[in-house]
Amino acid sequence: MKDTTKKDNTKYDIAIIGGGATGMATATHVRRCRDLSVIVISKDSHVSYSECGIPFKLSGKVQDFDSLIVRTPDFFEKMGIDILLETEAKEIDLTGKKIELEDREIGFDKLVIATGGTHRIPSHLQGSLELDGVFTLQTLSDGMKIESRLLSAENVVVIGAGAIGVEVAAGTAKRGIATTLINRSSSILSRLVDADMSEIVKSYLTSIGVDLITGEMPESIEGKEKAEHVVLSKENIPADVVIISTGIVPEIEIAEKAGIAIGELGGLVINDNLQVRIGDEFSTDIFAGGDCCEVTEFVTGKKGMIQLAPVARRMATLIADNICGKGTVLEPVLGPSVYVAGDLLIGSVGLTSRKAEKENIRIVTGYATGMTHATFYPDSSEIHIKLLFRERYLVGAQVIAKDGVKERIDSLAFMIKKKTTVEEMLTMETCYAPPVATVVDPLFYAVKAAYKKMRETEMRREK
C-alpha cells in the first residue's frame, strides 16, 4: 500500500469515502477504464471482504476469516489505488472540493460517497455496548471479536430476528452453544416473508435448539463489567455473548452535514446516474451508491432501501461507467434475496403481503408445499412456495426449503421483471430428474392455487 501519511492537500481525480462493496468496486472499475488517480478512505481496518460470509464463520462452516478476504491491499496498490484504512472523513467541502481528515485535507475532482449503513440500536440499549461481551455485527473486526468470545461462551443471546440475526442464531445453535433469539414483533423476518411463512422458519429454529422469544424487547443488558444476562419483562436470560442485530440505517451524517439532500426514508437522494442532489440540482461531480442511498423499487415505483450486496455492486459499476463518461442509468431495483439459517434457505423477491397492505395494493396469493425432489431419492425434503399476484401479474414470491431456493427465486425475479401473468405461468415447463426435482414442480401448484382464487372471485362477480 502506498504511504499517504505524509501527503498534505494532495488532490485526486477520484476520492471515495467508504471501502465496502460499492467503494472498492468503483475504485477498481474506474482504474480499469481510465488512468485516473483514486483514493479510498475507510473507517474499517480491513478492505474488500465478504460481510455476508461472517455469520458462516461464526457457525463454523467457514474455517478462517482470511478466506473471507476477497482482495488484499497489495492488489489495490498494484492497480494504483491509494487506501487509507482506519481513517475517518470528518467533513466534506463541496465548494472547495476537499475532504477534511483528522490531520490533513485531500482534494478531489469527483467524489463518491459509499458510506454504507450503521446499526439501528434501541436507545435504551446503546449504553450496553460498553459491556464486555456485547457486540454488533457488521465488519470483519466485529466478527473476529465475537468469534474470540464464542470459543468459551456457554450462552448466546441474539437481539433482533432479521436476516442476520436469524443466520447468526442458527449458526451458534448448530455449533452447540445455548442460543436465545429475541424479537420485538411476533413475526420474524418480517421484511422478507409473510407471517405464515415465518412460522416455517420458527419451527426450524426451535428444532435445532434455538430458544425463540417473540413479542419482547429486552429492557436492559446487565453485568458488572461484562454481559451476564439480558433482562426481559418476566425473566432474565443468561448471556456470555450478546449480539444486537436490530437493523441497519443509512450512514449519511457526513453527507448531510455537507448539504447533500436526504430523502424521506433517511437515505441519500440520487438520480438515475447515481449523482447526489445538492439543493434543487443534481451534481455532475458527486456520486453515491450502496446502502446509504434510496433507490426506486421496481414493483411499487416508490423510493425504498434495498441494502443488498448485488445491488451495491451493480451501483458501483454504474458509478464508474458514469465517471468514465458512459452515461449509464440505474433502473428500478427488485432486489431478490436468499438467506441461509443452518440448513434452511429462505428466499424472497418483490412484494410481501405486509408491504402490499402498506401500499394499498390488492393482491391474490397462491401457496403450495411439495418435495424438493423425488421422495424415493435420498434426502428429499419439503419446499414451501408462496406467490403474490396483482391484477394477474406476478409481483412477489417467497420460497423456503433446504435446497432449490436460490434458482427458483432468480427465475421468479425474472418473471416479475417481465411482468408475467398467472396464465403464462400455468403454461411454464420445468425439467425433471429424481435427484433434483419432482415430475410436477411445486411452483406450478402455487400458481394453480392463485389462479383458482382469481377464477372464484370472477365467478362470484358474474353472478
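The values are calculated or read from the model by the stated rules, or taken from the named source; none is laboratory data. Every value quoted in this text rests on a predicted model; they were computed, and no experiment measured them. Quick reminder, even Gly has a Cβ in these numbers, built from the backbone with ideal geometry, and neighbours come from all protein chains shown.
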Phe376 vs. criteria touching a Pro at 6+ places or on another chain (Cβ under 6 Å) and more than 18 Å from Cys52 (Cα to Cα): no
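Does Ser148 fit the bill of being within 12 Å of Val241 (Cβ to Cβ), without any contact (Cβ under 8 Å) to a residue 24 or more places away in the chain and among the polar types (S, T, N, Q)?
Yes: the conditions hold for Ser148.
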Failed criterion for Glu256 (all others in (1) assigned to a loop (DSSP other than H, G, I, E, B); (2) without any contact (Cβ under 8 Å) to a residue 12 or more places away in the chain; (3) charged (D, E, K, R) hold): (1)
Residue among Ala163, Ala153, Ala114 that is touching a residue at least 60 places away in the same chain (Cβ under 8 Å) and assigned by TED's automatic domain parsing to the domain that holds Pro55: Ala114
Residues of region 286-337 satisfying the condition of being in a strand (DSSP E or B), surrounded by fewer than 19 Cβ atoms within 10 Å (Cβ to Cβ) and among the hydrophobic types (A, V, I, L, M, F, W, C): Val333
Number of the condition not met by Leu125 [criteria: (1) more than 19 Å from the chain's Cα centre (by Cα); (2) among the hydrophobic types (A, V, I, L, M, F, W, C); (3) not assigned by TED's automatic domain parsing to the domain that holds Val168]: (3)
Leading residue by the ranking (surrounded by the fewest Cβ atoms within 10 Å (Cβ to Cβ)) among those in region 429-463 that are in a loop (DSSP other than H, G, I, E, B) and of a type in the set (S, T, N, Q): Thr430
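Hey, could you check region 80-109 for residues that are surrounded by 14 or more Cβ atoms within 10 Å (Cβ to Cβ) and assigned to a loop (DSSP other than H, G, I, E, B) and say which is farthest from the chain's Cα centre (by Cα)?
Within region 80-109, the first condition is being surrounded by 14 or more Cβ atoms within 10 Å (Cβ to Cβ), and the residues that meet it are 81-85, 87, 89, 92, 94, 97-101, 104-109.
Among the residues that remain, those that are also assigned to a loop (DSSP other than H, G, I, E, B) are: 85, 87, 89, 94, 97, 101, 104.
Numbers: Leu85: 23, Thr87: 24, Ala89: 24, Leu94: 30, Lys97: 32, Leu101: 29, Arg104: 34 Å.
Among residues in region 80-109 that are surrounded by 14 or more Cβ atoms within 10 Å (Cβ to Cβ) and assigned to a loop (DSSP other than H, G, I, E, B), the one farthest from the chain's Cα centre (by Cα) is Arg104.
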Test result for Lys61, among the basic types (Lys, Arg), out of contact with any Leu (no Cβ under 8 Å at 6 or more places or on another chain) and either under 30 Å from Ser337 (Cβ atoms) or without any contact (Cβ under 8 Å) to a residue 40 or more places away in the chain (or both): yes
